[in-house]
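> Dropping a structure here in structure tokens format, bear with me for questions.
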């Protein structure tokens, strides 16, 4: 069995109009949301062995906020190819690069939200925002596979789903 955690970056800032999208950073709400997600991950036992994150500044800042609350520090792989990747590209990356029993992917909409929906065999969580996959949305999926090369859509069981708003932001 493997566990896959799919997280969208926390709330980013739009205050700098002349900055490239990939370089946008988190706003204060996003920083607080990332910290809350890290606390939730630690308390719920959903700490990854490996994190594959987009090279976008807001994804790396989200990870730093999450990681600050984790007692175990996983291997972190920064992947430029995750920036605006679709579900198929994310799956290919997991097949070729994922290591360990629990892997977290930290990326962007629409790809990360679409993948969360495509992976499940269960009904969606009873959460009104799941289909929109808001900033900071995090889905934890259990996969009946022994090796990451076996990952395909439609095989995962939903273990948990949370958003920073549900955690108090």
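Values in this text are rule-based calculations from the coordinates and carry no lab data. Just so it is clear, the structure is predicted and the values come from calculations on it, not from any experiment. So basically every Cβ, Gly included, is an ideal-geometry build from the backbone, and we count neighbours across all protein chains shown.
> Binning at 5 angstrom from zero up to the longest distance, how are the C-alpha pair distances of the chain distributed in percent?
That works out to 2, 10, 20, 24, 23, 15, 6, 2, 0, 0, in percent per bin.
> Along Cα→Cβ, 7 Å out, is where each label goes; now give me the distance between the ones at residue 149 and residue 101 in nm to one decimal.
2.2
> In nm, give the distance between the simple-model label positions of residue 160 and residue 78, each being 7 Å from the Cα along the Cα-to-Cβ direction.
2.8
> Report, in degrees rounded to the nearest 10, the 0 to 90 angle that the Cα long axis of helix 28-44 makes with the longest principal axis of the chain.
Between helix and principal axis, roughly 30 degrees.
> If you don't mind, there's one more thing I want to ask. If one takes the longest principal axis of the Cα atoms in the chain, at what angle in degrees, from 0 to 90 and to the nearest 10, does the Cα axis of helix 57-67 lie?
In the chain, helix 57-67 runs at an angle near 70 degrees to the longest axis.
> Now for a different question. Post the alpha-carbon centroid distance, the stretch 56-120 to the stretch 3-41, in whole angstrom.
13
> Right, here's the next one. What do you get for the angle between helix 87-97 and the principal long axis of the chain? Use alpha-carbon atoms, 0 to 90 degrees, nearest ten.
70
> State the extension gain, in nm to one decimal, for the chain segment bounded by residue 22 and residue 39, taking 0.36 nm per residue of separation less the distance between their alpha-carbons.
Gain in length upon complete extension: 3.5 nm.
> If you don't mind, another one. Just from its helices, what would the mean residue ellipticity at 222 nm be for the chain, if runs of 4 or more DSSP H residues each count -39500 (n - 2.57) and the sum is divided by every residue, rounded to the nearest 500 deg cm²/dmol?
On the way: 4 runs with 48 residues, N = 169.
Value at 222 nm, helices only, nearest 500: -9000 deg cm²/dmol.
> With each pseudo-label sitting 7 Å past Cα toward Cβ, what's the residue 15-residue 132 distance in nm, one decimal?
In this crude label model, residue 15 to residue 132 measures out at 2.4 nm.
> Also, I was wondering about something else. Over all directions, the average projected area of the alpha-carbon convex hull for the stretch 41-129 comes to how many nm²?
6.3
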